[in-house]
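What follows draws every value from the coordinates through simple rules; no lab data is involved. Model, not experiment: these values are computed from the prediction. Ideal geometry is used to build each Cβ from the backbone, glycine not excepted, and the neighbour counts take in all protein chains shown.
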Amino acid sequence: MHLLAAAATHSAWLPAAWLAPCMLGAIAVSRPEPGAGGAAEIGALLPPLLDSAYGTALHLTRNATDAEDLVQEAALLACRGFGTFQPGTNFKAWFFRILTNCFYSTYRKKKRGGTQLELDDTPELYLYCQTAAIGLHGQTEDPARLLMERLDAEQIGAAVDALPEEYRVVATLYFLQDFSYQEIAEVLDVPVGTVRSRLHRGRRMLQKALWVIAEERGIIRDLTAADPPPEA
């Protein structure tokens, strides 16, 4: 199970029903290929993606209103440009490329508040080292898992949101949308090697972000105060 699976459930809750009237109106006005069934086809392909698209947009923009606007804008552009979609290829990757391009061209310019962490130069095995330093390795064979089980979806989502933008985008597509390296490369129009590098560094940063949030929410204090399990 991916580290952020719970965050995906937490983030995606709104737009399928909310966007449907707007989307269908756009299809009617912007029919991509009159007489060729284009409107009916995108009307079947797009709605199932809207909830997951909103979850991704929320992590990208870090603002619910902007996330709704971003998904609506991407849906309208997808409807208008559906004639450029190649049948038989990956529609989800095609739509998420539109979504991320909309974010890069518009919403990334908006400076939003929120937790900002110094995440550069995060060492390898950060959670392992930190949990060892506070003595959790004497309580359980998997201290990192013990810590993760204490974090809820909102806290995990906050850790993702604390990542610098280029790592946040890749982490969101990989962990929440289950895109492969190749699919992320296609969505972002970057080499696969760039995706691997960003994801590798993003994982390290995410470990630190999770640790900092666990400290801020008192989870680390509670874990160190807990009695160790009795010996067999």
Query raised in the report: Roughly speaking, what is the stretch gain from Arg150 to Asp69, that is 0.36 nm per residue apart minus the C-alpha to C-alpha distance, in nm to one decimal?
Result: 25.9 nm
Report task. Mind checking the full-extension length gain between Ser180 and Ser197? Use 0.36 nm per residue of separation minus the Cα-Cα distance, one decimal, nm. Result -> 4.7 nm
Report summary line: Here the gain from full extension of Leu45 to Arg217, 0.36 nm per residue of separation minus their alpha-carbon distance, amounts to 57.9 nm
Query - Pair Ala225, Glu165: separation of 7 Å Cα→Cβ label points (nm) - result: 4.1 nm
